[in-house]
Each structure stands twice: as structure tokens, then as C-alpha cells.
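Below is one structure, written out as C-alpha cells; the observations come after it.
The values are calculated or read from the model by the stated rules, or taken from the named source; none is laboratory data. Small disclaimer: the values here were computed from a predicted structure and weren't measured. We place every Cβ from the backbone using ideal geometry, glycine too, and count neighbours over all the protein chains shown. Ligands, DNA and RNA are stripped out before the accessible areas are found, and what is left, the full protein with its side chains, is counted by its heavy atoms. Shrake-Rupley method; radii C 1.70, N 1.55, O 1.52, S 1.80 Å.
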Number of protein chains: 2
Amino acid sequence: MVRKSATGRIGIADVAVKAGVSHATVSRVMNGNYTVDPEIASRVRAAAAELKYQPNPVGRSLALGKTDTIGIVVPDLANPTFQAILRGLSRAAAQDGYRVLIADSFEVSSEESILAGEARRRCDGLVLCAPRMTDAELEEIAPSLHPLVLINRTTATTGVPSLVVDYGQGVQDLAEHLVELGHTRLAFLAGPPRSASNGMRLQGLETFKAAHPHVDVTMLEGGSDFDTGHEAVDAVLESGATGILAFNDLVAMGLMSGLHERGIDVPGDMSVTGFDDIPFAKYTTPALTTAAVPITELGEQAWRQLRALIRKEENDAPGSRYQPRLEVRSSSGPARAARTAVHG
Amino acid sequence: MVRKSATGRIGIADVAVKAGVSHATVSRVMNGNYTVDPEIASRVRAAAAELKYQPNPVGRSLALGKTDTIGIVVPDLANPTFQAILRGLSRAAAQDGYRVLIADSFEVSSEESILAGEARRRCDGLVLCAPRMTDAELEEIAPSLHPLVLINRTTATTGVPSLVVDYGQGVQDLAEHLVELGHTRLAFLAGPPRSASNGMRLQGLETFKAAHPHVDVTMLEGGSDFDTGHEAVDAVLESGATGILAFNDLVAMGLMSGLHERGIDVPGDMSVTGFDDIPFAKYTTPALTTAAVPITELGEQAWRQLRALIRKEENDAPGSRYQPRLEVRSSSGPARAARTAVHG
DNA sequence: GCGAACCGAGAAAACGCTTTCTCAGCGGTG
DNA sequence: CACCGCTGAGAAAGCGTTTTCTCGGTTCGC
């Protein structure tokens, strides 16, 4: 006699019938509206419990105009950086009762804006994580995506907070560190060309080169994963550099593994640095010198900003810039020449 | 004159007005119903395009009774294994036009069933990944979660496919491998107590012990992350074992890092094996011997099964068992005694 | 030339909720 | 005693779609 509704699931109407009240009253009770007679309220609650009634979130969303869900668009879910952001975001959002819907663009930038739009329509807000789309495209769709928070990208559109990591400064710190160790020939193993963070690193290196005219910096093409690093061994050796700035920790790990296979000692023969300080970086042998990015914190902060937007609160800090922290471990050491000079 | 609807967003009604037809007709056109006069259809399409109309998915979901979204519940989003499953699932689902909603239980098993229920109600189906809840609890909620696919867990409830990795066999293979290298004292660094996969490993080891009465296997308490492995160094050394079976690759990496700090050579003094073959395993020094689990494939397969359930197709393979593949790398080598015998 | 079958599109119901509107019923006041 | 304000709960109107129902207008067949 119970499941009368078409879907087979029990709905508010079933509870109403069972409790002998209107479904409006059931709704009131379920939402803690205290204008309901306590006696009736408890009768409704009993009926709901007995039927194991759980409100249908879709109906609820339609009526309330909100979904209690946010979306995140990432270029590549396999990347530990984005995983960490997702984790931080998901965790922070969950604490406020929000769920997160994920959309992986698989690095195809043309899909990104469609994906973002679709995700946005199902959610109350969106986090766009290191989008690969062009600036023009971003500017165009940004208004339609509001509430929107950007990570590692900025826009001229007002009301769009963006959290960016100062990769330029980070790479300068790393280069500085290598120079202090006596390295005069450096190489930068670049990331994906469309990545904005790669652009920031390149810019940082320009600044660095201007400040250190005597240091030679070779640019090498690359990517963002292990294999990139592993395959770059030849190019790196060819460059004659003794201090290698890898795009990120993954690339650095791939490179170190490749160097190890060739019998090249790190940091004895060559110093290698990463970027990001993913959890694994501490446990490589040798442990990886890197620039630590407070990445889960970034995810949390993204939620804070988005929440403020959703709640239409005054946004105190419409954006933030994160400074990476130099993390010196054992993959970087004195340059050969310098060491020889000291020892002999 | 456009945005007349309360939400501010343009809806089907706006398009209807602009095209001078009823909103029913607009709906028909948008859904490719060919009973509409081509002239009218194109007028509607023009209006829709001009207004940049995009159907509201929530209203759509309510009317159609489906959300084109699936949910996944994981115990810990920080775990690379679950990340890989999520990735495989998300990717496979995306190809069929489904999105995925994530729910992280943060290893608190009491929250799991509530989380699962909530997620399920917003979605068309659910993947429960290595749930930590008790068997009784699982049996109880499983029917209400249908369509449901389990990973690394089984249930008596009918119509619930489960994909399980044969951890028991995998750990036996690894132990076998170590014994062949001459190790006679092994230690197992266990995982989280509530983890079903840990139970499977323990069971596998029992079988192994029965088959190899002369081999000594010490059981050590543990966990599932780096730190567990790192902190277990003392216990491992104390055990006197020369072949260590770590719960997974993460634990193995932590352990190797700790052993390295103590100046203990792997595999010279001690052999270490992991489990899972996460991408990082290839790049540790020494490269990690492990049991490879086709984990992204697992995620994909989970989607296939779930899709079949959603579409109410006949399910040809209501569940599958995955055999890990022994991946011998350089973290395992001949036992000291055996090596001495050979060399001297 | 008239009824039947058909076609296309608007009206209306349905999906499952929330919330405003409305109106009995009741106690208090002048 | 009539009137007023208040309370609490049902009726009904949304929220934005899809889909069934209905019906005027053709076309076809006899």
C-alpha cells in the first residue's frame, strides 16, 4: 500500500498519507519549521521514520534553486597536484555540507569550456583549475560561470577570485639555490606549453637571467609526468648543465631515475630540483630538493572563496598569491667544479 | 525583456515566447522530436541560439527521473589506489555522458552508509569502493543503494556486482618470490585493520604458511601510508626478517626510506616488496618489486557493470576477480645467507 | 461530400519538493 | 456580543523540464 508514486521510491506524499496530514506539513516538519503542533510533528516524524523516508534531493534542488554541490574542472586527474587540490576542496566543502562533482578535461582545451558550462549548470558554483583555454575564451565564459573561483589563472572579469601560486618566484629561489651551490650552467625542463604555470616559471627565469648574466640557462622542452623526465636524460646531458630545474616533482623523479640508470650520481655529478613538494618527494633517493606549494590548503581556500560567493558575503580577500617555500633536501649539492676547488 | 523567470537565468519559457510557440514545442525541438514542422523547428533553434538557452539539468532530471550522474564513495581520497579507480571510473563514465560525484569518508566507517545513501539519492548509481563498514551494515543498506557496484568487497545481496582483486594470491606470489631468493624469515607489515583487502592478504599468508612450514612469517601492525612504513623500521629490524612484505607500495616506500637512513642496503641486506604497482613504484631507488594491480582498468570495469545495471541489461559477468601480476624489480634480491653460500 | 484517420502543436499534467496564500478556529478586547 | 488579531495547517502555486492528452485542421477513401 505504500509505494504509490510512479518512481517506486517513497515520497513526501506517502508520509503525508500515513501521518494523516498534508504534504506541506510534512515538508515543514522535515525542515524544522516550528510552527507545527508538536503532537503532529512527532506523528509525522514517526511516519517518516517508519517508511524510511528521505527527501528526494532533485525535487528539493528544483524548489530551492540550489543543489548543495559544487563542480571542479581539472585538466588531468592523474596529476598529483590536481588530486591534492581536489582533496582539499572536497574536504572543506564536505564540512559545510557540499558535495563535489568532478570534470576531467583530459588536457583537451577545446572541451574545457563546454565541460565547465555543463558542470556549472548542475552546481551552485565552480572551481576552474589551471584551465588550458585561451585568455579570450576564459574572459568570454567567466561571467556565465559565476560563482567561479580560478586556480593558477586570472581574469579581468570582476568578482572572480583567483588563487595563484607564484611559480615565478619559486623557480627563482630554486635557481638561486643552485647558483649558491656553485652551479653556473643550469637547464630548465619545461612543462606543457599551454600551462599558465609553465609560463610563470619561464617569466621567473627571465628575471633570474637578468639578475645573473654570468649563469647559463638552457631551455628544454618537456611535459608534466614521469616519462617526460625519464626521456629527457639525453637532452639534459647534452646541455652540459650541472643544475637541473625540472618542471615539477614528477618530472624530476623520472629524470633522477633515468640518470641513475646511466650511472650518474645525484647530487654528486648533477643536482636536480623539482617543484610542488608532493608527498613522494620526501621519500625519493636522494630526497628531492623542491619548492613546496601548500596545495591542499589551496583547495581549502578555493572552497572558502567559493562559499563566500555563494552566500553573497562581502569578499575580504578576492584572491591570494601563494609563495612556494624552498625545501632543500639531498638531490642538490655543490657543483663539481666548486667541490674540486674546495677539496683540492 | 528577456529574463522574466525568477531565477534570473533564461528558461524554456523565454525561448517559447521569442519563437512564438508553446514551451512544449521548444522541448520537442530541443530533444530532436521530428513531429515538429521544420520551419517552426528552425525558428525555435534560432531563438534558442540567440538567447544562448541551455536546458536546466535539475528540471530535466526531475522530469526524466535520472541525473546522468553516478557517485563514488572512497575511504580516503589521498590514497593513490582510490585516486586511480576514480580516474578510471570518471573517464569511462564521461565517455557515456555521465559525470561523477565524489564522497570521501575519511576512513570514518560510521559515516559511510549515510554518505552512500545521500550520494545515491542524487545519482543514478553508486560505486562503493573498499567500504570499511561491517558486513552486517553492508548487507542492510545494499538493497537501498541499487544500482550498486562494489570494489574489493562482496555481498550476499543479489544484483550487486563486485570487482575484487585477489590480494591473497598476490601476497602469496610475493612471498613465494622471496623464498625462491633464499629468504626464510619474512615479515608482513599489515594495513588498516578494517580494510577487507588486508584480511585477504592475511588469509593468503595463512595458506602460504601452511605450504611452507619451514618459513617464519612475523606479523607486524601497520597502516596504509608512507609514515606507517617509515615508523616501522625498528619493528622490522627487531623481527630479524630479511624479506619484508609491505601492505602496499606507499608503506614499502616509507620503509625503504627509513632503512636508507639507517644505512641498511636494499636489497643487499634486506628485500622489500610492495603491492599495487602505483606509477611511482618504477621510479624509486631501488625500483620496487611489487604485485601489479590493473587499477584504472578496475575503475573502467566498475563503470561497465554499473552502466549495465542502470540500463537494466542482462549482466553477463556479475563480478570479476583480478589477479595481480608479480612485478620483479630491484628492491628484492638474494638473501644474505644464500648470497654468501654462492659467493664463498 | 462526408466520416475516418492522421498530423502537428498547444494545454495540461506530472516529476517531488518548498513556500506563499488562505482560511478556519480560538482567545481576547472594547 | 461582535470584532480583531493570531495561530496553525491545508490548498495551491511555483521551480523548469518532459510527455501525455486533446483538439482543430487536413487529407484520404469510399
If one computes the Cα centroid of the stretch B:54-104 and of the stretch A:145-164, what distance in Å separates the two points?
-> 25
Sparse-neighbourhood loop hits (GluC sites (Glu not before Pro), the stretch B:232-319; DSSP loop; Cβ within 10 Å at most 13 others) -> B:GLU313, B:GLU314
Computed helical MRE - 222 nm, chain A, DSSP H runs ≥ 4 contributing -39500 (n - 2.57), nearest 500 = -14000 deg cm²/dmol
Mean-square fluctuation maximum in Gaussian network of chain B, Cα pairs under 10 Å, restricted to B:GLY59, B:GLY319, B:GLY125, hits B:GLY59
Provide a whole-number value for the mean count of partner chain Cβ atoms within 10 Å of the Cβ atoms in peptide A:267-279.
-> 1
1.4 Å probe accessible area per residue over chain B, in Å² = 44
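State the antiparallel share, in %, of DSSP beta bridges confined to the protein assembly as shown, rounding to the nearest 5.
10
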Heavy-atom SASA rank of B:ASP227, A:ASP124, B:ASP76 (probe 1.4 Å, accessible area, largest first) = B:ASP227, B:ASP76, A:ASP124
Copy-to-copy label separations for A:GLY97, where each label sits 7 Å from Cα toward Cβ, in nm and ascending = 3.3
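For the B and A pair, go ahead and give the buried accessible area with a 1.4 Å probe, both sides summed, in Å² to 100.
4200
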Would you be so kind as to identify which of A:ALA13, A:PHE82, A:PRO147 lies farthest towards the positive end of the dipole of chain A, taking Lys and Arg as +1 and Asp and Glu as -1 on Cβ and the Cα centre as origin?
-> A:ALA13
Between copies, how close do the A:GLY65 label points come, placed 7 Å along Cα→Cβ, listed in nm from shortest?
-> 3.0
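Give the carbon-plus-sulfur fraction of the accessible surface of the stretch B:227-320 in %, rounded to a whole number; probe 1.4 Å, heavy atoms of protein chains only.
45
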Leaving ligands, DNA and RNA out of it, report the carbon-plus-sulfur percent of the accessible area of the stretch A:12-55 at a 1.4 Å probe.
-> 55
Inter-copy distances for A:HIS146, label 7 Å out on the Cα-Cβ vector, sorted ascending, nm, one decimal, are 4.7
Of B:HIS183, B:HIS146, B:HIS23, which has the largest mean-square fluctuation in a 10 Å C-alpha GNM of chain B?
-> B:HIS23
Would you look at the GNM of chain A, springs on alpha carbons closer than 10 Å, and say which of A:MET30, A:MET253, A:MET219 moves the most?
-> A:MET30
Which of the lysines could a cross-linker bridge to A:LYS18, judged by Cα under 30 Å and excluding same-chain residues fewer than eight apart?
-> A:LYS4, A:LYS52, A:LYS66, B:LYS66
Report, to the nearest 10°, how far helix B:295-310 tilts away from the longest principal axis of the Cα atoms in chain B, using its own Cα long axis and a range of 0 to 90°.
-> 40
How far, in degrees from 0 to 90, does helix A:109-122 lean away from the longest principal axis of the Cα atoms of chain A, to the nearest 10?
-> 30
Under a straight-distance cross-link criterion of Cα-Cα below 20 Å, which lysines are reachable from B:LYS282, leaving out those fewer than 8 residues away in the same chain?
-> A:LYS282
Using alpha-carbon coordinates, inclination of helix B:249-261 to the longest axis of chain B, degrees | 40
Distant-in-sequence amide H partners of A:ARG99 (H built 1.01 Å from N, under 5 Å) = A:THR69, A:ILE70
